[in-house]
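Single-structure report; data block below.
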Amino acid sequence: GNSVTQMEGPVTLSEEAFLTINCTYTATGYPSLFWYVQYPGEGLQLLLKATKADDKGSNKGFEATYRKETTSFHLEKGSVQVSDSAVYFCALLSGGGADGLTFGKGTHLIIQP
Amino acid sequence: KAGVTQTPRYLIKTRGQQVTLSCSPISGHRSVSWYQQTPGQGLQFLFEYFSETQRNKGNFPGRFSGRQFSNSRSEMNVSTLELGDSALYLCASSPPLGGTYNTEAFFGQGTRLTVV
């Protein structure tokens, strides 16, 4: 079956530091890949997505590149802010959506001023 | 444009009772999916409805059911509640894409269910 693996954290960084959150996946076929963000007490917000190999998704300074050869979709940001503190979920969608979105366990990111 | 609206935001129920949660999708969206979020299991797919029909289903017992109305609003029902059903239940809607499954999902804020 499908699966997504990501570091769970918490990951604590200082403001303006470089961020990488690793995400690797196992899936049949050619999945679409996503990063979602969840702020305290809120639902999930789509941060970025990529639907085919070598696509780069980007939004709000965050980037991730769909690497089929390494089955990875690592999230990066050059300079994090305190407001980026949240839980980040890597997810995939494959097989026409028959199994819905498959999520990783989530990475809790804490940015200190 | 209004987002996905879930009601109620919080619920406390007693073991053995049943509960109904409601989800109003973004206007024009016809696909509605439900997810359960718990600290132990993370986010798990419950089911998806499209044009009033259940199109996909996750690996949950029959106590979990849902339906979708002609205006695309959806409800999910959990019967004979167990302590382990305590979770955040999230609804997501997707815009139409030629009748096929769209990759874009917009989530509501969720309903926090506590079973005591």
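If the condition is being within 24 Å of B:Gln109 (Cβ to Cβ) and among the charged types (D, E, K, R), then segment B:34-54 contributes only B:Glu48.
Looking at B:Ser72, B:Ser27, B:Ser33, can you tell me which residue is surrounded by 16 or more Cβ atoms within 10 Å (Cβ to Cβ), away from every other protein chain (no Cβ under 14 Å) and not charged (D, E, K, R)? Don't jump to the end; show me each part of the working.
Working: B:Ser27 fails: surrounded by 16 or more Cβ atoms within 10 Å (Cβ to Cβ); B:Ser33 fails: away from every other protein chain (no Cβ under 14 Å).
Only one candidate passes the filter, namely B:Ser72.
For segment B:91-116, the set of residues classified as out of contact with any His (no Cβ under 8 Å at 6 or more places or on another chain) and either at pLDDT below 80 or of a type in the set (S, T, N, Q) (or both) consists of B:Leu97, B:Gly98, B:Gly99, B:Thr100, B:Tyr101, B:Asn102, B:Thr103, B:Glu104, B:Gln109, B:Thr111, B:Thr114, listed by residue number. Meeting the requirement of 3 or more residues that are surrounded by 13 or more Cβ atoms within 10 Å (Cβ to Cβ) and free of Cβ contacts under 8 Å to residues at least 12 places away in the same chain, no strands (runs of 3 or more DSSP E) wholly within chain A can be named.
Of all residues in segment A:40-98, those satisfying the criterion of being within 13 Å of the chain's Cα centre (by Cα), polar (S, T, N, Q) and under 27 Å from B:Ser31 (Cα atoms) are A:Gln45, A:Ser58, A:Asn59. Of the residues making up segment A:65-113, those that are touching a Ser or Thr at 6+ places or on another chain (Cβ under 8 Å) and among the aliphatic types (A, V, I, L, M) number 9.
From the list B:Glu52, B:Glu48, the one residue that fits, being charged (D, E, K, R) and over 26 Å from A:Phe89 (Cα atoms), is B:Glu52. Screening the candidates A:Ser58, A:Ser32 for the property of being out of contact with any Phe, Trp or Tyr (no Cβ under 8 Å at 6 or more places or on another chain) and at pLDDT 95 or above yields one hit, A:Ser58. Set side by side, the residues B:Leu21, B:Leu90, B:Leu43, B:Leu113 differ, and just one is within 11 Å of chain A (Cβ to nearest Cβ), in contact (Cβ under 8 Å) with a residue 60 or more places away in the chain, hydrophobic (A, V, I, L, M, F, W, C) and crowded, with 17+ Cβ neighbours inside 10 Å, which is B:Leu90. Just one of the listed residues (B:Phe50, B:Phe64) is out of contact with any Ser or Thr (no Cβ under 6 Å at 6 or more places or on another chain), in contact (Cβ under 8 Å) with a residue 12 or more places away in the chain and within 14 Å of chain A (Cβ to nearest Cβ), namely B:Phe64.
The values are calculated or read from the model by the stated rules, or taken from the named source; none is laboratory data. Bear in mind that the values here come from a model prediction, so they are computed numbers and not experimental data. Glycine also receives a Cβ, built like all others from the backbone with ideal geometry; neighbour counts cover every protein chain displayed.
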